[in-house]
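Data block below; observations after.
Values in this text are rule-based calculations from the coordinates and carry no lab data. Here the structure is a predicted model, which means the values were calculated and not measured. With ideal geometry, Cβ positions are generated from the backbone for all residues, glycine too; neighbour counts draw on all protein chains shown.
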Amino acid sequence: MAPRVDALFFFLIALSLFFGLLIAFLIVYFAVKYRRRPGYERGVSIDASIALEIFWTAVPFGITMVLFFWGASIFLDQTQPPVGAIDIAVVGRQWMWKLQHPEGQREIDELHVPVGRPVKLTMTSEDVIHSFFVPEFRMKMDVVPGRYTTAWFEATKEGEYPIRCSQYCGAQHSGMLGRVIAMTPADYQQWLGGGATGVSAAQAGQNLFQRLGCATCHKSEGGSQGPSLAGLFGKTVKLQDGKSAVADEGYIRESILDPQAKIVAGFQPVMPTFKGLVSEEGILQLIAYIKSLSQQERTAAK
Amino acid sequence: MNSAVPAAPDAFEVRAHQFEDVEQQHHASWLGMWVFLATEVMFFGGMFAAYAFYRVGFPNAFAAASNRLDVTLGAINTAVLISSSFTMALAVHGGETGRNKAAIRYLLLTMLLGAVFLGVKFYEYHEKFVEHLVPGPAFRFEGPHAHPAEIFFSLYFAMTGLHALHMIIGIGLLTWMALKARRKRFSPIYYTPIELTGLYWHFVDLIWIFLFPLLYLVGRHL
Amino acid sequence: MNGAPQVHYLNVDYGIRSWLFTTDHKRIAWLYLLSVTLFFFFGGFFATLIRLELMTPQGDLVQAETYNKFFTMHGVTMVFFFLIPSIPAVLGNFLVPMMVGARDLAFPRLNLASWYIFILGGLFTLASAAAGGVDTGWTFYTPYSSIYSNSHVALTVVGVFVTGFSSILTGLNFVVTIHKMRAPGLTWFRLPLFIWAIYATSIIFILGTPVIAITLLLVGLERVFNLGFFDPARGGDPVLFQHLFWFYSHPAVYIMVLPAMGVESELVTAFARRRVFGYSFVAFSSLAIAVIGFLVWGHHMFVAGQSVHAGLIFSLLSFLVAIPSAIKVFNWTATLHRGSISYDAPMLYALGFIGLFTIGGLTGLFLASIGVDVHVHDTYFVIAHFHYIMVGGSVMAYLGGIHFWWPKMTGRTYPEPVARVAALIVFLGFNLTFFPQFVLGYLGMPRRYHAYPPEFQALNVMSSAGASILAVGYVLPLIYLIWSLRYGRVAGRNPWGARGLEWQTPSPPPTHNFDVTPRVVAEAYAYDKEPEETYEFGSPSRA
C-alpha cells in the first residue's frame, strides 16, 4: 500500500509545485510589470470575464475530483484487510502497546511479523484514545476505548519499523513507541516456536470460556439458555426486535460487556454482564476462540 | 420616515442614535431577536443531536429510564407552558394597542404560570434526587440498563436544566417588561421590547414541546 | 493635506470611564485590539517555549506534563482568544458601520457587552493558566479530557464557553447591521468585499459557536459532576465528542480565514488601484465557503473509527470547499493585471498572503485525499498546513489590515521603510519556521511530541531558528506602531487614495462617523472615477 500512498503524495507535490510556482510567478511578474510609476498612477479596471471564471472553477473541480477518486481507491484498499491475514490483537494503554499473536505469543511494544503476508490488527484501548502509526508502512488507525478498530499492513522487506502513537494521550504520549520487526517466514516460524507458552490465543480463550462459566449457558449442541456459538462468527444474527446484526468482533465484545444491548430472537435477556471480570485482552482471546469454532465447524463439515 | 402615522409624543426620544428612524430600529431589533433565536436553536440542537445519537444506540435503556419520569407532572407542565404562551400573546397585544394596564396583568399571569412550571420542575428534581436517579456516584438503576440510563438522566438534567435556566431569564425579562408597562412605555408606535420578549418566551415554550415527548414519552403506550 | 480634525472619536472624551463604558464601535475596536494583542503575545510566549524544547530530541527543557500544557495553552489562546476575534472584532468593529455608511452598529451596548464577555472568558483561561494550566490539547478529546487529565479542564472550558458568547453577539450585531443599516444606494452588490466576508463569517459565528458551547459544557459537567457522558465504561461514546467538537471547530477555521480574505480583497484593490476582478464571484465564494464549511467536519476523523462511507463523503466535500478559495486566489491575482501596484507594507502583506495561503490551501488537498491523510494525519504535516493558513494567511492579512487602516484609526502614518522590512522578516521567518514541518510530517513525526527521534533534529532546529526570526518580525510592528501614535506623520483623510466610505471621513473620524448619511451612487472600488463622484452627501437629515 505504501508505494500507492507515495505515488499520490508525490503527484500532489508536483501539482502544488505547479500551481504554487504559477501563482508566485504571476504575482511577481504583475507586481513588477504594473508597478506604480509617474504617469501610471491608476490601474485599468477590466470587466470580469465569465468565461475565465468558469475556466478556473472547472479546472480545479476536475483536478479535485481526480484526487478524490484516487485517494478514495487507496483508502478502500487500506480499510479492507486481505483474506488470510494474520490476526493480531492489539490493546493500547497509557503508555504501551500490548499485542498477541493467534498462536499465543504476547509482545509488548514489539510486533514480529513475517515478510510477504498481510497482518490484520484488531485494536482497542484500555483507557484514552491512542493511535497506532507505522510511518514506513503509511498506516495509521486510532485505538478507541469501548470499541474495536481495524487496520492492516504487509511488510515487503525485512527490517525494523518504528511504531509511534499519534493521538495525544497524556504525559508520555511521545514515549509510547514500539517496533514492527519483519522477518523471513522461516525466521518467523522459529521465533513463534521459541517464545512458547504453548497456549494459542484461541486456547486461552477457551480456558476463559470455561473459567468464566460461559459454557453453562452456551452449549455447543444448542437448546440451552444462550445461543450456540459454534459457527456463529461472521454470520448475521436475528435479534428480538426484528433487526439483525453481523456477529463480528464488535458484536461479541458488546455481548460480553453489555448483553442487554442486543438480544437474539427466541432467547431471554438473562445473560449477566462480564464488565470488570474480563480484560480487553481476555475478550480478544474469547473472540479468537469463538472464531476457531467456525473454522472447526467448517473443517468438520468437509 | 413614515409620515402617514402621526408621531407619538415621545417618538423622537424612542429612537436610538444609530438608527435613521423608528422603523429601521424596529426592523433591526426584530431581525436581531430572530438571529438570536437561531443561535438558541443551535445551542439546544447540539444536545438534541447527542440525545438522538444515544437513543438510537440504546433504545431499550432509554425507554426504561424514560418510564421513571412522572408523565402526569410533565403533562401538567406542558399545559402550563402552553397557557403561558397564550397569556404572553395577550400581553403583547396589550402593549401593541397601548393598553399598558392589560399588558401588566397578562405579564404577571405569564410570570405566575412560569413560576408554577419551575415549581413543578423543582419538585420533580427533588423526587429524582430521592430516588437516586441523579447521575454521579449516587446513581442507582436496577436492571441491565444502568449505564445508558445514567446517560439518559444526564441528558434529562442537562436539557431540562438549560431550559429552566432560560425560563428564569425569561421571567426576569417579563419583570422588566412589566416595569416598562407600568411607566406606560408601550404604544402602537413602539412596543418592540414586549414583542421581542414574546418571541423569546414562545421559543422557550417551543423547546419544551420538543423536550416533553423526547424525554417523557419514550416507549410509552396509551 | 488636511490635518487631523479638532474633535474626533479619540479625544472627544478622556478618562478610563469614557473607554470602559463607551458604546462607540471604534473605541470598542481599540479595546479588542489591546486585548487580542496581549493574548497574541501570551500565546506566542508558549510557542517560544515549544520551539525551544524542540531544538533537541530529548525532552530536556521541561517535563512532559509541562510541555503538554505549553502546546495546549498555545492552541487555546491563539485559536479562541486571538485568531477568532482578531479581524472581526478589531477591524470588523471599526469598519463595518463606516463601510455601510452608518453611525454605529445596530446594537452598540451589546457590542460593549461582547467585549466584557470576551474579557471574562479570557480571565477564566488566564486563571486556569495561573493555577497550573491544562494539558488536553486545544481539542479536548475525551475520555482524556473528561476523565483522565489531572489539569484544570473545567476552568478552561468555562473560559472558552464564555468567550463563545462574545463571538455570537458580535456575529448577530454584524448580520443585523449589514441587513438593515446600509446607506441609501448601497445595494448588496455595491458592498465592499470585506463586508461580504464579515457577513459570511457572522453566519458561522451564529450557527456554529453554540454547538461548541454545548459540547464544552457537557465536558465540564462530566468532569464536575462525574457524569460518564463520554465514558465508554458507562455507555458513553468518545467519538461522539469528536463529531460535536469538529462540527463547530471546522467552520471555526473559516471564521479565522474568511475575514482575512475580506481584508485581502480590500488591500489588493487599494494598492493595485483597480476594481477587484470577478467581484460577484469573490462575494459568492465567501458564502459558499461558509455553507460548505459546515459539511466537512469529518475530515478530522478519517482514522478515528468513523465509517468508510462517511469518510468518503467528507473527503469529497472537503475537496469541494477548496474550490471557492481557489477562485478567490485566481481573482486576486487577476486584479494585479493592469493594476498600478505600489509596494507599501500593506501590499507586501497582501502579496505574501496570496502565496502563503495558496501553499496552505494546496496542502489541504493532501489532507482531503483520504488515502494520503491516513499517513499524514496527526503529524507535523497538519501543523504546517494550518499554520500556513492561519499565520501565513490570517495573521499576515490582519497585520496588512492594521497597517492599511492605521491612518484612519489613529490619524497618523507609521514609518513605511521599517514596516516594509518587518513584513519581509515576517515572510522569511514564517517560511523557515513552517516549511520544514511539512517534511517532518511526511517522515512520520507525530504532533504533540515532547521528545522525538534524533533523525528529526535538523529540521526541528531549522524550524526553531525560523521562529526566532518570525518573533522579531512581530515585535517590530508593536514598537513602531506605538511610536507612530506620537511621532508618526499626520495622515489626511485618504492617504492611500482608496475608494470606500470609510475613506470619506476625517482621520480619525468623529464619533458619529458621518455628519450626513451618504448616498452611494457607484460600484465598489470605482477607481475609474474620482472618490467624490462615487458618493453624494446631501443636506443633513438627522444628527
Q: Treating the angle as unsigned and between 0 and 90°, give the value, to the nearest 10°, between the Cα long axis of helix C:108-130 and the longest Cα principal axis of chain C.
A: 30 degrees
Q) So which aspartates and glutamates can residue C:328 reach, going by Cα to Cα under 20 Å and dropping same-chain residues fewer than 8 places off? A) A:47, A:53, C:264, C:266, C:523
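With an 8 Å Cα cut-off and a minimum separation of 6 or more residues, compute the relative contact order for region A:211-301 in percent.
Values: 104 pairs, mean separation 24.8, N = 91.
Relative contact order, region A:211-301: 27 percent.
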**Q.** Stokes-Einstein diffusion coefficient of region C:77-220, Kirkwood radius over Cα pairs, 37 °C, 0.692 mPa s, in µm²/s
**A.** 203 µm²/s
Q: Report, in whole Å, the centroid distance computed from the Cα atoms of region A:97-159 and region C:1-44.
A: 57 Å
Q. Lysines within cross-link reach of residue A:98: Cα-Cα under 22 Å, excluding same-chain residues under 8 positions apart?
A. A:120, A:140, A:275, A:291
Q: Please list the equivalent ellipsoid semi-axes of chain B, computed as the square roots of five times the alpha-carbon gyration tensor eigenvalues, in descending order and whole angstrom.
A: 42, 18, 13
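Using the 10 angstrom Cβ neighbour count as an exposure proxy, how do C:349, C:398 rank, fewest first? Please report the intermediate quantities before stating the final value.
On the way: C:349 28, C:398 25.
With the fewest neighbours first, C:349, C:398 line up as C:398, C:349.
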Q) If you take the Cα atoms of region A:163-236, find Rg, then find the Kirkwood Rh from the mean of 1/r over all pairs, what is Rg/Rh? A) 1.18
**Q.** Magnitude of the charge dipole, chain C, Cβ model with Lys/Arg +1 and Asp/Glu -1, debye to 20
**A.** 1100 debye
Q: Among C:286, C:299, C:341, flag the residue with its Cα farthest along the positive direction of the charge dipole of the protein assembly as shown, charges on Cβ as +1 for Lys/Arg and -1 for Asp/Glu.
A: C:341
Q) How large is the dipole of the protein assembly as shown about the Cα centre if only Lys and Arg carry +1 and Asp and Glu carry -1, each at its Cβ, rounded to the nearest 20 debye? A) 1840 debye
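Could you tell me the relative contact order of region A:57-112? Use alpha-carbon pairs under 8 Å, at least six residues apart, and round to a whole percent.
18 percent
Under the classification rounded if a/c is under 1.5, otherwise prolate if a/b is larger than b/c and oblate if not, where does region A:211-301 fall, given a ≥ b ≥ c as square roots of the Cα gyration tensor eigenvalues?
Values: a/c = 1.35, a/b = 1.05, b/c = 1.28.
Judged from the Cα gyration tensor, region A:211-301 comes out rounded (a/c under 1.5).
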Q: Tell me the label-point distance for the pair residue B:76, residue A:240, using the 7 Å Cα-to-Cβ offset, in nm and rounded to one decimal.
A: 3.4 nm
Q: Specify the residue with the greatest mean-square fluctuation among A:53, A:154, A:103, computed from a Gaussian network of chain A linking alpha-carbon atoms under 10 Å apart.
A: A:53
Q) With charges only on Cβ, +1 for K and R and -1 for D and E, what is the dipole size of chain A about its Cα centre, in debye, rounded to 20? A) 560 debye
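Provide C:31, A:111 in ascending order of the number of other Cβ atoms located within 10 Å of each residue's Cβ, fewest first.
C:31, A:111
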Q | Using alpha-carbon coordinates, inclination of helix C:238-272 to the longest axis of chain C, degrees | A | 30 degrees
Q: Could you state the orientation-averaged shadow area of the convex hull built on the Cα atoms of region C:264-408, in nm² to one decimal?
A: 9.0 nm²
Q: At 20 °C and 1.002 mPa s, grab the translational diffusion coefficient of region A:25-99 from Stokes-Einstein with a Kirkwood Rh over Cα pairs, rounded to a whole number in µm² per second.
A: 113 µm²/s
Q. What residue among A:123, A:271, A:176 has the largest mean-square fluctuation in a Gaussian network model of chain A, using Cα springs under 10 Å?
A. A:271
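Using only the Cα atoms of chain A, construct the convex hull and provide its projected area averaged over every direction, in square nanometres to one decimal. Provide the component values of the computation, followed by the final result.
Working: hull surface 99.9 nm².
Convex hull of Cα atoms, orientation-averaged projection: 25.0 nm².
Give the average, rounded to an integer, of partner chain Cβ atoms located within 10 angstrom of each Cβ in C:159-168. Could you put the intermediate results ahead of the total?
Numbers: counts 0, 0, 0, 0, 0, 2, 1, 0, 0, 7.
Mean partner-chain Cβ count within 10 Å for C:159-168: 1.
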(Q) Can you return the lysines within cross-link range of residue B:180? Criterion is Cα-Cα under 20 Å, with same-chain partners fewer than 8 residues away left out. (A) B:101
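Give me the mean projected area, in nm² to one decimal, of the convex hull enclosing the Cα positions of region B:116-157. Before the final figure, lay out each step's value.
Numbers: hull surface 11.6 nm².
Projected area, direction-averaged: 2.9 nm².
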Q | Rounded to 10°, Cα long-axis angle of helix C:25-53 versus longest principal axis of chain C | A | 30 degrees
**Q.** Exposure proxy ranking, count of Cβ atoms within 10 Å, fewest first, for A:273, A:124, C:72
**A.** A:273, A:124, C:72
(Q) Bin width 10 Å, origin at 0, all Cα-Cα pairs of region C:456-531: what percent of pairs per bin? (A) 14, 26, 22, 19, 13, 6, 0
Q. Could you work out the helix-only [θ] at 222 nm for chain B, with each DSSP H run of four or more residues adding -39,500 (n - 2.57) and the total divided by the number of residues, to the nearest 500 deg cm²/dmol?
A. -26500 deg cm²/dmol
Q. With a ≥ b ≥ c the root eigenvalues of the C-alpha gyration tensor of region B:8-100, is it rounded (a/c under 1.5), prolate (a/b larger than b/c) or oblate?
A. oblate
Q: Return the ratio Rg/(2.2 N^0.38 Å) for region C:175-292, where Rg is computed over Cα atoms only.
A: 1.45
Q: Give, to the nearest whole percent, the P(r) tail of region A:86-194 beyond 17 angstrom, counting all Cα pairs.
A: 48 percent
Q: Name the residue farthest towards the positive end of the dipole of chain C from the options C:177, C:325, C:156, assuming +1 on Cβ of Lys and Arg, -1 on Cβ of Asp and Glu, about the Cα centre.
A: C:177
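How would chain C be classified by its alpha-carbon gyration tensor: rounded, prolate or oblate, with rounded meaning a/c under 1.5 and the a/b versus b/c comparison settling the rest?
Details: a/c = 1.63, a/b = 1.54, b/c = 1.06.
In terms of gyration-tensor shape, prolate.
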Q) When the Kirkwood radius is taken over all Cα pairs of the protein assembly as shown, what Stokes-Einstein diffusion coefficient follows at 25 °C and 0.890 mPa s, in µm²/s? A) 77 µm²/s
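Below 8 Å, C-alpha to C-alpha, sequence gap of six or more: please give me the relative contact order for region C:22-534 in percent.
Working: 864 pairs, mean separation 90.8, N = 513.
Value for region C:22-534: 18 percent.
Using DSSP H assignments, which helices in chain A have an axial alpha-carbon span of 27 Å or above and a mean Kyte-Doolittle hydropathy of -1.0 or higher? All intermediate terms of the calculation are to be shown ahead of the outcome.
Working: long enough: A:2-33 (45 Å, 2.04); A:50-78 (41 Å, 1.46); A:280-301 (32 Å, -0.14).
Counting only whole DSSP H runs, the qualifying helices are A:2-33, A:50-78, A:280-301.
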Q) In chain B, which whole DSSP H runs stretch at least 20 Å along their own axis (Cα) and average 0.0 or higher on the Kyte-Doolittle scale? A) B:22-57, B:71-96, B:100-130, B:146-182, B:192-216
Q. Pick from B:126, B:202, B:17: which is most flexible by mean-square fluctuation in a GNM of chain B where alpha carbon atoms under 10 Å apart are linked?
A. B:17
